[in-house]
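The values are calculated or read from the model by the stated rules, or taken from the named source; none is laboratory data. None of these values were measured; they are calculated from a predicted model. Glycine also receives a Cβ, built like all others from the backbone with ideal geometry; neighbour counts cover every protein chain displayed. Surface accessibility is based on the protein's heavy atoms, side chains included, excluding ligands, DNA and RNA. Shrake-Rupley method; radii C 1.70, N 1.55, O 1.52, S 1.80 Å.
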Amino acid sequence: MGAKIKKGDLVEVISGPSQERGGYKGKQGRVIEVLSESDRVIVEGVNFVTKHVRVGQSDRGTREGGIETVEAPIHVSNVAVVDPETKKPTRVGFRVEEVERDGKKKTVRVRYAKSSGKDL
């Protein structure tokens, strides 16, 4: 089965506290990583957490560590793919098309935005 959300997709957070209340609802960002085994995605600029890293030394002798802010995974059901035409969240459908490559016909599943019908 094809994945509805893939790495590099522009997605919008559709649930959780709004931005006025310190949440990320309504915020858009690119998918950095998809964690399929836990049904979660890491979205750029969304769901920041503070991480304490032990102070150590790198190969060049520079000190690294301290407090870092990194993106935490968010459940895939809380994000929706953004329609490239309307810039609003939309559902994703699959369309079966026949493509001819190197003289051979092949059926491929193409993702498309259900609201506008544009390919993703």
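Key figures for this structure:
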read-out	value
The range 58-112-the range 1-49 distance, computed between alpha-carbon centres (Å)	10 Å
Residue-count net charge about V79 - beta-carbon cut-off 14 Å; Lys, Arg +1, Asp, Glu -1	+2
Distant-in-sequence amide H partners of L120 (H built 1.01 Å from N, under 5 Å)	R111, Y112, A113
Karplus 3J(HN,Hα) series, Hz, for the range 11-25 with 6.51 cos²θ - 1.76 cosθ + 1.60 (x for Gly, Pro)	10, 10, 6, 10, 9, x, x, 6, 5, 5, 9, x, x, 10, 4
Order by protection proxy (mean Cβ within 10 Å, highest first), peptides 11-18, 51-58, 67-74	11-18, 67-74, 51-58
Rounded accessible area of S36 (nearest 10 Å², 1.4 Å probe)	80 Å²
Per-selection metrics, the chain (Cα): Rg and Dmax in Å	19.0, 59
V99-A3 FRET efficiency (beta carbon distance; Förster radius 22 Å; 0.05 resolution)	0.70
Other-chain or far-sequence residues with amide H under 5 Å of D83's (modelled H)	K88, T90
Environment charge at P17 (Cβ cut-off 12 Å; Lys +1, Arg +1, Asp -1, Glu -1)	+2
Label-point separation in nm, S58 to V70, each point 7 Å along Cα→Cβ	1.5 nm
Highest-first arrangement of 79-85, 92-98, where packing means the average Cβ count within 10 Å	79-85, 92-98
Extended-chain gain in nm, criterion 0.36 nm per residue less alpha-carbon gap, D39 and K88	15.4 nm
Entries in K6/K87; K7/K27; K6/K105; K4/K104; K7/K106 that, when Cα-Cα distance is taken, lie over 20 Å	K6/K105; K4/K104; K7/K106
